[in-house]
Amino acid sequence: MTVPAQTFLSFDFGTRRVGVAVGNTLLGQAQPLKTVAAEGDARFLAIHALIAEWRPDALVVGVPFHPDGAPHDNTRRAQRFARQLQGRFSLPVHEVDERYTTTEALALGAKDADAAAAALILEQFLRTLPEDHAAA
């Protein structure tokens, strides 16, 4: 049995900017959308508009760790952001280890490194899904 295609929005969390990307299980790819350069309620208003536009089935948040896998201050901030998204928008939220995604986005020549990193985070997540999530 084939599971219907699912759409996801992903986020590369930062304290001042949040990169956003969209993708789906049909193509197994993601595309950078934009960077939300806002904090507090303004950030969540901008994210609400993106959720209303794209109608995702779930959200994906990149969570940074030290190279050795140890958590740090931004690890906890990103996890808090993920909990806030789930609480505000009542959508499933998946956390993904996002070590080196911004570095990779810059190495690939991205004009908007935050949104490109969000796309890399989402593609990494999509690769972890079982094959039956891809539409026939």
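Read the figures in this text as sums done on the coordinates, not as results from a lab. Predicted model, so just to flag it, every value in this text is computed and none were measured. Counting neighbours? That spans all protein chains shown, and the Cβs are built from the backbone with ideal geometry, glycine included.
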Report the extension gain between residue 104 and residue 131 in nm, rounded to one decimal, defined as 0.36 nm multiplied by the number of residues separating them, less their alpha carbon distance.
7.1 nm
Report the GluC sites (Glu not before Pro) located in the stretch 1-103 that are in a DSSP loop and have at most 13 other Cβ atoms inside 10 Å of their Cβ, or state none.
39
Exposed trypsin sites (Lys or Arg not before Pro) being those in a DSSP loop with at most 13 other Cβ atoms within 10 Å, the longest stretch of the chain free of them is 17-110
Dipole of the chain, positive end: most advanced residue of 48, 69, 125 [Cβ charges, Cα centre]
48
Over what distance in Å are the Cα centres of the stretch 7-29 and the stretch 66-136 separated?
7
Quick one: work out Rg over Rh on the C-alpha atoms of the chain, Rh as Kirkwood radius.
0.95
May I have the pair-distance distribution P(r) for the stretch 58-136, computed from all Cα-Cα distances with 5 Å bins from 0 and rounded to whole percent?
3, 15, 21, 22, 21, 13, 5, 1, 0
